[in-house]
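Below is one structure, written out as structure tokens; the observations come after it.
The values are calculated or read from the model by the stated rules, or taken from the named source; none is laboratory data. Just so it is clear, the structure is predicted and the values come from calculations on it, not from any experiment. Neighbour counts run over all protein chains shown; Cβ positions are idealised from the backbone, glycine included.
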Amino acid sequence: MWRSVRRGLKALSRDGVVPSPNIWYHPDVYELENRVQDVDGEIWRVLGEEASWTGRTVLDLGCGAGFHLPKFAEDAGAVIGVEPHEPLVHKARHRVAELANIRLLGGSAQRIPVPDASVDIVHARTAYFFGPGCEPGIREADRVLRPGGALMIVDLDATAEPYGRWMRADLPHYDPAAVESFFARNGFRCRRVATRWRFRTRGQVESVLNIEFSPKIAAGAIEDVLRRGDEDGYTLPVGYRVHVREKPTGLVVPGHSSSSSESISPRMP
């Protein structure tokens, strides 16, 4: 994965989109990865505690093949999936073809194809928002959110063992503290979430970890997970961070960002 990441960063498409090294090139394995992740639903629990989407409009940014769209659609009034890679847009449309409150759009985090102030929740899960450099996407999320709406970003916690150790070994220049500081400076609060990935077979372990890590790191990670096996399969603890920021409901004081708490409500004369 990580060699592909480095190649991808040097090979931006014309619209500035970095190819995703796992789901773009291994969509079937990534579908499996989605199924084995967070088997206890801890990320969904935390998202729901941070911002309700019942009856509201949700935009899933970088939705891939649409794995999370049906879950949002259970309670949301409307769900919009936005994805830059056209083959994945087709897969997502096929997945949700029978769900009337979901629509799919081609687009990127830097150019979200919906009007200003038209959605209540922007959700992005391990997509685009990885720290410094994602400011254009944050600005676009602010543009499309209604006042009081929330941008909710889910990313991997590289400080949580053992998955974070493997991430840091593959990306030695990645600084988890700097990433958290970036989001804090931009007005996000952060919650850490402990989850379990659950694999039924050795083959599933090998398939998933081989698209997430370089060969050397993947080999060690696979060996580690296989040692954790029991009669029902293999469990891998994986930590996440959920970063959340609401768009102010009042008027932002000139010279302050929308993340600042220094906003004022409109008053009648």
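Table for the structure above
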| read-out | value |
| --- | --- |
| Tally, over the range 100-124, of residues that are charged (D, E, K, R) and in a loop (DSSP other than H, G, I, E, B) | 1 |
| Filter result for the condition that a residue is farther than 29 Å from Ala158 by Cα and part of a loop (DSSP other than H, G, I, E, B), over Ala127, Ala97 | Ala97 |
| Residue in the range 111-122 that is among the β-branched types (Val, Ile, Thr), modelled with pLDDT of 95 or more and in contact with a Pro (Cβ under 8 Å, 6 or more places away or on another chain) present | no |
| Pairs where the first residue, in the range 243-258, is at pLDDT 95 or above and the second is of a type in the set (Lys, Arg), C-beta under 7 Å, 6+ apart | Val244/Arg189 |
| The range 35-90 - residue that is farther than 15 Å from Leu105 by Cβ and among the polar types (S, T, N, Q) and, of those, surrounded by the fewest Cβ atoms within 10 Å (Cβ to Cβ) | Thr54 |
| Residue match in the range 140-152 (condition: part of a loop (DSSP other than H, G, I, E, B) and at pLDDT 95 or above) | no |
| Asn22 vs. criteria modelled with pLDDT of 95 or more and surrounded by 14 or more Cβ atoms within 10 Å (Cβ to Cβ) | no |
| Cβ-Cβ under 9 Å pairs, at least 6 apart or on other chains, the range 90-109 side under 20 Å from Trp53 (Cβ atoms), far side aromatic (Phe, Trp, Tyr) and in a helix (DSSP H, G or I) | Ile102/Phe72 |
| Counted residues, the range 156-187 - those being under 15 Å from the mean Cα position of the chain (by Cα) and either part of a strand (DSSP E or B) or among the aromatic types (Phe, Trp, Tyr) (or both) | 2 |
| Pairs, first under 30 Å from Ala218 (Cβ atoms) in the range 141-165, second assigned to a loop (DSSP other than H, G, I, E, B) and polar (S, T, N, Q), C-beta under 6 Å, six or more apart | Asp155/Thr126 |
